[in-house]
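S.K.: Structure incoming, see below.
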Amino acid sequence: MRKLIKMKTPSRFFPQIGIIPLFVLLLCGCSSRYHCPAFPEENTIYAPYQKDQVVRFQDSSANQLSLKVTDIYKSTEYIEKGCKCACNEPIYYVKLKYGDNPTQYFWDDTLLTITISIPFIDNNIDGDLDIGNIRYGLECRHSSDRSFEYNTILSGDTLTFTVKNTIPCTFDSVKVVKGVGITSFCTIDGRKYNLDR
């Protein structure tokens, strides 16, 4: 009988005693610090714009069209600490708003967003950046309709974006050149605009 009581006594306190080592283990496991890299400045070269910059285009009939840079974001370096232990992919994006008088095919709130993101070489939490596999994206949006994403083709220093949807959002295809930005695009009414330098 005494032996049975002695065996039960420690087990009665085990849950309280067991919590302390578990708590210490969790604290130690969450104390890691990871250096998360910034988006490399040299990789902004496909969209080298300045905030509030106006980019002008012209078609073969001398019709003018302009886009204004409304927002630019480039992720900066930071320290990730705690249990999450993961860095977000460095990203850079530029938003350009159509600002001329709207027509049948244009909306004055049309927004083009060029996005560049760089994955890590491996799935490591804090690995090196995989510059060879940069991801480029283009999205077109206006408030009276849904957003449209584009297929991307990279050839040399030229990115060509072609719309995925059958009814595109104003811009049917867009060409972006390294060091310049958007150089030309076609509209859904068949007009081609080139950068007015």
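The values are calculated or read from the model by the stated rules, or taken from the named source; none is laboratory data. What you are looking at is a predicted structure, and each value in this text was computed from that prediction instead of being measured. Positions of Cβ are backbone-derived with ideal geometry, glycine not excepted, and every protein chain shown enters the neighbour counts. Heavy atoms of the whole protein, side chains included, go into the accessibility calculation; ligands, DNA and RNA do not. Shrake-Rupley method; radii C 1.70, N 1.55, O 1.52, S 1.80 Å.
S.K.: Among the residues of the range 114-135, which ones are open to solvent by 50 Å² or more (accessible area, probe 1.4 Å) and either at pLDDT 75 or above or under 18 Å from Lys95 (Cα atoms) (or both)?
M.R.: Here is the first cut: in the range 114-135, the ones open to solvent by 50 Å² or more (accessible area, probe 1.4 Å) are 121-126, 128, 131-133, 135.
Passing the criteria: Ile121, Asp128, Ile131, Gly132, Asn133, Arg135.
S.K.: Hey, among the residues in the range 185-197 that are in contact (Cβ under 8 Å) with a residue 40 or more places away in the chain and more than 15 Å from Cys140 (Cα to Cα), which one's surrounded by the most Cβ atoms within 10 Å (Cβ to Cβ)? Break it down stepwise before answering.
M.R.: Initially, the range 185-197 is screened for residues in contact (Cβ under 8 Å) with a residue 40 or more places away in the chain, giving 185, 187-189, 191-196.
The next check asks that each one be more than 15 Å from Cys140 (Cα to Cα); those that pass are 189, 191-196.
Values: Asp189: 11, Arg191: 15, Lys192: 14, Tyr193: 22, Asn194: 14, Leu195: 16, Asp196: 13.
Going through the qualifying residues, I end up with Tyr193.
S.K.: Sticking with this one: Take the range 170-183 and flag every residue that is open to solvent by 10 Å² or more (accessible area, probe 1.4 Å) and either touching a Gly at 6+ places or on another chain (Cβ under 7 Å) or closer than 20 Å to Asn63 by Cβ (or both).
M.R.: The first filter runs over the range 170-183 and keeps only residues open to solvent by 10 Å² or more (accessible area, probe 1.4 Å), leaving 172-173, 175, 177-180, 183.
Matches in the range 170-183: Asp172, Ser173, Lys175, Thr183.
S.K.: Mind listing whichever residues of the range 153-169 are open to solvent by less than 60 Å² (accessible area, probe 1.4 Å), closer than 24 Å to Gln50 by Cβ and not β-branched (Val, Ile, Thr)?
M.R.: Answer for the range 153-169, where residues must be open to solvent by less than 60 Å² (accessible area, probe 1.4 Å), closer than 24 Å to Gln50 by Cβ and not β-branched (Val, Ile, Thr): Leu159, Phe161.
For (1) more than 30 Å from Asn194 (Cα to Cα); (2) modelled with pLDDT under 50; (3) in contact with a Gly (Cβ under 6 Å, 6 or more places away or on another chain); (4) not in a helix (DSSP H, G or I), each residue gets a yes or a no:
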position	(1), (2), (3), (4)
Thr9	yes, yes, no, no
Val24	yes, yes, no, no
Ser31	yes, no, no, yes
Phe39	no, no, no, yes
Tyr46	no, no, no, yes
Phe57	no, no, no, yes
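S.K.: Out of all the residues in the range 35-82, which are more than 15 Å from Tyr93 (Cβ to Cβ), surrounded by fewer than 16 Cβ atoms within 10 Å (Cβ to Cβ) and aromatic (Phe, Trp, Tyr)?
M.R.: Tyr78, the sole residue that qualifies.
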